[in-house]
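What follows is a short report on a single structure.
The values are calculated or read from the model by the stated rules, or taken from the named source; none is laboratory data. Note that the structure is predicted; figures quoted are calculated from it, not measured. Positions of Cβ are backbone-derived with ideal geometry, glycine not excepted, and every protein chain shown enters the neighbour counts.
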Amino acid sequence: MMITKINHTRESQLKKYTYIAFSVSEQYFEKISERIRTSAKIWQENTSEGASLYFTDPNHHKLEIHASDLATRIKITKEHLYEGMVFFV
């Protein structure tokens, strides 16, 4: 039996505008942000409601931490839709 290792690590981030967002407590946002900024690449400046940090992990996955809850973010965004934005919630 032969086992072959396949490397699926990205060499760069995808061009698509997709990412994973994590909600964090407002009281810990600054501390977490500072830690991330020391080791991650920032891929976008925040223009949304509340405090957010957009960064990539070592495998170039786009991530975000945000100090707000999902319901508030959806409500605010629906009031100020981006061009071409479609909601499925």
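Data table
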| item | result |
| --- | --- |
| Residue check for residue 26: modelled with pLDDT under 95, of a type in the set (Asp, Glu), surrounded by 10 or more Cβ atoms within 10 Å (Cβ to Cβ) and more than 14 Å from the chain's Cα centre (by Cα) | yes |
| Qualifying residue in the range 71-87 (condition: of a type in the set (Asp, Glu) and under 14 Å from the mean Cα position of the chain (by Cα)) | no |
| Which listed residue, of 68, 39, 52, is buried (at least 16 other Cβ atoms within 10 Å of the Cβ) and more than 17 Å from residue 82 (Cβ to Cβ) | 68 |
| Any pair with Cβ under 8 angstrom, 6 or more apart, that starts in the range 71-89 at a residue that is over 18 Å from residue 24 (Cα atoms) and ends at one that is outside any loop (DSSP other than H, G, I, E, B) and of a type in the set (A, V, I, L, M) | 87/74; 89/74 |
